[in-house]
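Asks: Have a look at this one before I ask anything.
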Amino acid sequence: MTVYGYLRELKVRRGQQVRRGEVIGESGKSGDAPRPMLHFQVRKKSAPVDPAAYLAKP
């Protein structure tokens, strides 16, 4: 599972497969954030894990 924070717009839906380089969302601001940001996590059974094993290398 992946989770995202601070998104202004999510451009994919749950369960959708994506390819390298595809735009999946647009960063946004929340609360006192001074500029647009992105928070990204890969989770397994609700626990954060290192995303390196799940992300394709260029």
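Asks: Which of the residues that make up segment 12-32 are under 18 Å from Leu55 (Cβ atoms) and touching a residue at least 12 places away in the same chain (Cβ under 8 Å)?
Replies: The answer is Val12, Arg20, Val23, Ile24, Gly25, Ser27.
Asks: Count, please, the residues in segment 7-27 that happen to be of a type in the set (A, V, I, L, M) and within 12 Å of Leu38 (Cβ to Cβ).
Replies: Looking only at segment 7-27, we keep the residues that are of a type in the set (A, V, I, L, M), and these are 7, 10, 12, 18, 23-24.
Subset that is within 12 Å of Leu38 (Cβ to Cβ): 7, 10, 24.
So the count comes out to 3.
Asks: May I pose another question? Mind listing just one residue for me: the one in segment 14-58 that is open to solvent by less than 100 Å² (accessible area, probe 1.4 Å), in a loop (DSSP other than H, G, I, E, B) and among the hydrophobic types (A, V, I, L, M, F, W, C) and, of those, modelled with the lowest pLDDT?
Replies: Selected residue: Ala56.
Asks: What's the number of the only condition in (1) modelled with pLDDT of 90 or more; (2) open to solvent by less than 80 Å² (accessible area, probe 1.4 Å) that Gly5 fails to meet?
Replies: Every condition holds for Gly5 apart from (1).
The values are calculated or read from the model by the stated rules, or taken from the named source; none is laboratory data. Quantities reported herein were computed from a predicted structural model and do not represent experimental measurements. Counting neighbours? That spans all protein chains shown, and the Cβs are built from the backbone with ideal geometry, glycine included. Heavy atoms of the whole protein, side chains included, go into the accessibility calculation; ligands, DNA and RNA do not. Shrake-Rupley method; radii C 1.70, N 1.55, O 1.52, S 1.80 Å.
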